[in-house]
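What follows is a short report on a single structure.
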Amino acid sequence: MSDMLLNPSRDDFSALLEESFGARGGLTEGKVISATVVSIENDFVLVDIGLKTEGRIPVREFGLEGSSLKVNDTVEVYLDRIENALGEAVVSREKARREEAWGRLEKLFATGESVDGAIVGRVKGGFTVDLGGANAFLPGSQVDIRPVRDVGPLMNIVQPFCILKMDRPRGNIVVSRRSILELDRAEARTEIVAGLAEGEIRDGVVKNITDYGAFVDLGGVDGLLHVTDMSWKRISHPSQVLNVGDTVQVQIVKINPDTQRISLGMKQLLSDPWDGAEAKYPVGARYSGVITNITDYGAFVELESGVEGLVHVSEMSWTKKTLHPSKIVNPGDPVDVIVIDVDGDKRRISLGMKQAQPNPWDAFLTEFPVGSTLTGEIKNITEFGLFVGVNEDLDGMVHMSDIDWNQAGEEAIKNYKRGDMVEAKVLDVDVEKERISLGIKQVSSDPFATETLKRGQTVTCTVTEIASGGIEVSIGPDNIMKAFVRKSDISRDRAEQRPERYAVGDRVDAVVTAIDKATRKVSVSIKALEMAEEKEAISQFGSSDSGASLGDILGAALRQKEQND
């Protein structure tokens, strides 16, 4: 034995080491073992792991159980080293708790069960939760169903959590308190909803108001009261009817069994004002209402609470058809309307405002019957005619074909400008189409109707225009009718067939050669008159065959004519 102690071999050293471990009662480093609390001194707990070997553990490693720890209690600790330089065992309660907790938590995570823990600290983005030996991260969004401003009352209180994620290699655990609350609320909601029935009337408290409705607490479960179900009348915003905290009586309109959403209604507790609408609002009846809303296409008029009709923009005014409805009426204006159409099933009533006012076209026709004459101002000129104001609201149209008897419409229209006062005759009034037809030329008589021109008749004309192809002339003392003398009809003598021989204003005699009433055209010829005069002179004063010259014959005829004149 002495040789072994003085010069130990490798086998001898191994035997001595195993003997030493055996003397320690089988203690193995890296394992969880039981220890006994020997004493609690300030911030440390002294524990005996057996065979007079002791270790020192900080109190903080015991977590919540540290406050109830006492001498002789048995605790599980993790053995890092059997003995350090000071002769003490290096042990850890925190590691022991972690090893124990991870095994337990992994089983709960696998089955989806909740785990008890306590919020013990605040970290960036959330909080630290002690799960009985293992620390987990609680994101701020997972603390409660609604945002929590003060988490103080929830700190250091043992409560259930749901494990969302576990990563043992990295030592990460993520938990949620919100999931537990939502599950509890869902279970409670299911139980409450099961006790409700569609059509049931309940009292509730308004919890929240949005743009589209209000949420009403029915005693542990919320229902949505949509703005369209608050009243039979139009409501622009729920705050017009309700306030947060109001107690209201509602009817359960619908319960969705899948989503457990509850739809509520208030108007369903009142009689529907649209019942019997066809009988209450017969077509053609006159009513007084108030403008409630204005759109681009018309205005809504409230006839009674909950019943509105639409006045289309085309039915608002007899004359202001191109204006936006807001230029004609304003919200709150009282108006008289006539019922045009009623559809009780679709809850629609078509109304007319203009029908409740005198028709200005009927009034105009009474004041100015067809054939009467009026004076008006030219309001507008278009390519097809003139618009003449006949009163403050109405315009009549003079088609370009009704401007002048003789001039073409395109030319006649150039003689007028906006602001001119003209006299016109009422040709037609179409009340249904809201049109008034006027004529300027009809104020004067039709020269074709009054003049009794005949072919072969000699007329005195006044030159009005010189053209390369002839001359334009007016016939008669009033210069009403126009005619054109072609170049070949200016003179019998070819050398004298020159339009430039004449000047505007010259008076000439000619013979009517053609009358076309369809085209309102008259043709005259100076040449034909000369030939007729020559023929007559020869018959009266002899012929050239009798020895008299043509000049003598014409001279004698001319002298005779001057004597007669």
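A compact table of results
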| item | result |
| --- | --- |
| Complete set of residues in segment 187-203 that are without any contact (Cβ under 8 Å) to a residue 12 or more places away in the chain and either assigned to a helix (DSSP H, G or I) or within 39 Å of the chain's Cα centre (by Cα) (or both) | E187, E191, A194 |
| Q268, sole failed condition from (1) at pLDDT below 90; (2) of a type outside the set (A, V, I, L, M, F, W, C); (3) part of a loop (DSSP other than H, G, I, E, B); (4) open to solvent by less than 70 Å² (accessible area, probe 1.4 Å) | (3) |
| Qualifying residue in segment 130-140 (condition: open to solvent by 80 Å² or more (accessible area, probe 1.4 Å) and either among the aliphatic types (A, V, I, L, M) or at pLDDT below 75 (or both)) | no |
| Looking only at segment 342-373, and only at residues there that are assigned to a strand (DSSP E or B) and open to solvent by less than 10 Å² (accessible area, probe 1.4 Å), the one that is nearest to S314 (Cα to Cα) | G352 |
| Residues within segment 429-462 that are surrounded by 12 or more Cβ atoms within 10 Å (Cβ to Cβ), under 46 Å from the mean Cα position of the chain (by Cα), of a type outside the set (S, T, N, Q) and assigned to a strand (DSSP E or B), tallied | 4 |
| Residues satisfying the stated conditions in segment 130-158, i.e. touching a Gly at 6+ places or on another chain (Cβ under 7 Å) and within 14 Å of R178 (Cα to Cα) | F137, L138, P139, G140 |
| Sole exception among (1) open to solvent by less than 30 Å² (accessible area, probe 1.4 Å); (2) assigned to a helix (DSSP H, G or I) for V339, by number | (2) |
| Q251 modelled with pLDDT under 90 and either open to solvent by less than 60 Å² (accessible area, probe 1.4 Å) or not in a loop (DSSP other than H, G, I, E, B) (or both) | no |
| Close pairs from segment 315-328: first among the hydrophobic types (A, V, I, L, M, F, W, C), partner open to solvent by 70 Å² or more (accessible area, probe 1.4 Å), Cβ under 8 Å, at least 6 apart | W318/Q357; W318/D393; I328/K320 |
| Subset of segment 128-185 [assigned to a strand (DSSP E or B), farther than 23 Å from E99 by Cβ and either of a type in the set (A, V, I, L, M, F, W, C) or touching a residue at least 60 places away in the same chain (Cβ under 8 Å) (or both)] | M155 |
| Top-ranked residue of segment 224-236 - restricted to ones that are modelled with pLDDT under 90 and surrounded by fewer than 18 Cβ atoms within 10 Å (Cβ to Cβ), ranked as farthest from R347 (Cα to Cα) | S236 |
| Residue that is farthest from S231 (Cα to Cα), among those in segment 305-334 that are aliphatic (A, V, I, L, M) and open to solvent by less than 20 Å² (accessible area, probe 1.4 Å) | M316 |
| Flag if G117 is without any contact (Cβ under 8 Å) to a residue 24 or more places away in the chain and open to solvent by less than 60 Å² (accessible area, probe 1.4 Å) | no |
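The values are calculated or read from the model by the stated rules, or taken from the named source; none is laboratory data. Since we're looking at a predicted model, the values are computed, not measured. Please note: Cβ atoms are built from the backbone with ideal geometry, for glycine as well, and neighbour counts cover all protein chains shown. The protein model used for the area step is the full one, side chains on, heavy atoms only, and it has no ligands, DNA or RNA in it. Shrake-Rupley method; radii C 1.70, N 1.55, O 1.52, S 1.80 Å.
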